[in-house]
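Structure first, then comments.
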Amino acid sequence: MPDSMSLPRHVAIIMDGNGRWATMRGLPRSEGHRAGTEAARGIVTRCRELGIGHLTLYTFSKENWGRPADEIKFLFDLLVRFLTRELDTLVKQSIRFKVLGEMDALPLATRKVLGHVIAKTSRCTEMTLNLALNYSGRDEILRACRSLMRQGVAPEDVTEERLSAELYTAGQPDPDLIIRTSGEKRLSGYLLWQSTYSEFAFPDTLWPDFTPDHLDAAISDYQHRTRRFGLTSDQITA
Ligand code: IPE
Ligand code: IPE
Ligand code: MG
């Protein structure tokens with residue numbers, strides 16, 4: 001059980017390895033995605049129990065549109081089923097649901113369910129669950145720049161705070177801990193602006209096998225690190 005005093009305020013996860021999990025078992029990739037949603041449910045519940053304020057799950061990147069059409073369709077159908085089934089639990093646990101990414105480009109049925117779940121949980125206060133969906137970190141920064149330009153903000157008034165306020169994560173703390181499962185060690189465009197001082201964990205576990213115990217272990221490891229934010233060790237301990 002991680003120490004409750006120094007919990008990360010925001011945990012962001014790249015849920016990777018569903019396809020490999022399925023292939024290793026001689027199953028279609030879709031079965032990996034299905035099993036992956038079960039893992040996601042367990043991690044949401046665990047974060048809520050621990051009292052983590054913000055959890056972000058990388059669910060679909062802009063680059064994922066390049067995958068076979070039937071896999072994409074399966075993923076969005078699965079998402080609709082998952083959210084429909086989980087809505088009551090989200091409300092009961094007071095979990096606010098948000099989407100990071102371009103929602104307009106998603107299939108209509110998906111958009112409808114997302115909008116419904118966002119509205120129904122908008123007053124929940126215990127935790128924020130963000131799904132990064134149709135998300136790209138570079139695109140997010142470009143959109144923020146365009147928005148500032150459209151507002152006629154003068155170049156000297158473009159500050160980190162103002163740009164942050166235009167990102168999908170506006171108002172939320174930057175992720176303290178970013179976990180990528182499956183042994184891959186890259187960001188794949190995830191939270192590029194927000195990850196400036198994040199700590200990273202790259203467990204080898206494939207996402208469908210990632211349990212609350214694995215999460216606890218990653219958080220405990222995070223709690224033993226010294227974050228320096230550019231300062232010296234002496235300044236940090238002073
Ligand atoms: C992550 O698992 C889920 C999505 C990207 C939607 P993958 O589908 O990338 O699984 P691998 O990397 O092929 O094993
Ligand atoms: C990143 O995983 C996106 C999600 C987990 C949704 P990918 O499997 O798409 O990333 P790459 O292609 O291996 O970098
Ligand atoms: Mg992958």
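So for the stretch 3-43, averaging the separation of alpha carbon pairs under 8 Å that are six or more residues apart and normalising by length, what relative contact order in percent results?
Here the relative contact order equals 28 percent.
Measuring from label point to label point, each 7 Å out along Cα→Cβ, what is the Val91 to Met1 span in nm?
3.1
Can you give the calculated 222 nm mean residue ellipticity of the chain, where each DSSP H run of n ≥ 4 adds -39,500 (n - 2.57) and the sum is split over every residue, rounded to the nearest 500 deg cm²/dmol?
So the calculated ellipticity at 222 nm is -13500 deg cm²/dmol.
With a ≥ b ≥ c the root eigenvalues of the C-alpha gyration tensor of the stretch 125-238, is it rounded (a/c under 1.5), prolate (a/b larger than b/c) or oblate?
Oblate, since a/c reaches 1.5 and b/c is not below a/b.
If you put +1 on each Lys and Arg Cβ and -1 on each Asp and Glu Cβ, how big is the dipole of the stretch 101-213 around its Cα centre, in Debye rounded to 20?
Computed about the Cα centre, the dipole is about 560 debye.
Which shape class, rounded, prolate or oblate, goes with the stretch 1-156 when its Cα gyration tensor gives a ≥ b ≥ c as root eigenvalues, a/c under 1.5 marks rounded, and past that a/b bigger than b/c marks prolate?
oblate
Separation of the stretch 1-66 and the stretch 71-123 by C-alpha centroid, Å?
Rounded to whole Å, the Cα centres lie 15 Å apart.
Classify the stretch 96-146 from the C-alpha gyration tensor, please: rounded if a/c falls under 1.5, else prolate or oblate depending on whether a/b exceeds b/c.
It comes out oblate by the Cα gyration axes.
Helix by helix through the chain, keep the DSSP H runs that span 30 Å or more along the axis on Cα and average at least -1.0 on Kyte-Doolittle, and give those back in order.
Span-like helices in the chain: 29-50, 69-92.
Would you work out the relative contact order for the stretch 172-238, in percent, from Cα pairs under 8 angstrom that are 6 or more residues apart?
Averaging sequence separation for qualifying contacts and normalising by length gives 34 percent for the stretch 172-238.
Taking only protein heavy atoms and a 1.4 Å probe, what accessible area per residue, in Å², does the stretch 1-50 have with all protein chains in place?
I get 48 Å² per residue for the stretch 1-50.
Going toward the positive end of the dipole of the chain, with +1 on Lys and Arg Cβ and -1 on Asp and Glu Cβ, which of Ile141, Phe82, Gly152 do you reach last?
Value: Phe82.
At a Förster radius of 35 Å, what calculated FRET efficiency corresponds to the Cβ-Cβ distance of Asp70 and Leu187, to the nearest 0.05?
Efficiency for this residue pair is about 0.80.
Mind telling me which of Gln223, Gln93, Gln151 comes out most flexible in a GNM of the chain, alpha-carbon contacts under 10 Å?
Checking each option, the largest mean-square fluctuation is seen for Gln151.
Enter the accessible area per residue of the stretch 76-134 (Å², integer; probe 1.4 Å; all protein chains in place).
49
Of all accessible surface on the stretch 174-216 at a 1.4 Å probe, what whole percent is carbon and sulfur?
51
In terms of Cα to Cα distance under 17 Å, which lysines are near enough to Lys92, apart from those fewer than 8 places away along the same chain?
Hits, sequence-local ones excluded: Lys120.
Measuring from label point to label point, each 7 Å out along Cα→Cβ, what is the Met149 to Ile118 span in nm?
2.4
Give the range of the longest stretch in the chain that excludes all GluC sites (Glu not before Pro) found in loop regions by DSSP and having at most 15 other beta-carbon atoms within 10 Å.
That would be 1-125.
Please report, as a whole percent, how much of the solvent-accessible surface of the stretch 1-149 comes from carbon and sulfur atoms (probe radius 1.4 Å).
55
Can you tell me the order of 172-183, 110-121 when each peptide is scored by its average per-residue count of other Cβ atoms within 10 angstrom, highest first?
Order by mean packing, descending: 172-183, 110-121.
Report relative contact order for the chain in percent, whole number only (criteria: Cα-Cα under 8 Å, sequence separation at least 6).
29 percent.
Tell me the label-point distance for the pair Arg20, Asp216, using the 7 Å Cα-to-Cβ offset, in nm and rounded to one decimal.
2.5
Can you list the lysines whose alpha carbon is less than 18 Å from that of Lys62, not counting same-chain residues fewer than 8 positions off?
Excluding near neighbours in sequence, the set is Lys73, Lys98.
The values are calculated or read from the model by the stated rules, or taken from the named source; none is laboratory data. Every value quoted in this text rests on a predicted model; they were computed, and no experiment measured them. Methodologically, a virtual Cβ is constructed for each residue, glycine included, from the backbone with ideal geometry; neighbour enumeration extends over all protein chains shown. Remember, those area values only see protein heavy atoms, side chains included, never the ligands or the DNA or RNA. Shrake-Rupley method; radii C 1.70, N 1.55, O 1.52, S 1.80 Å.
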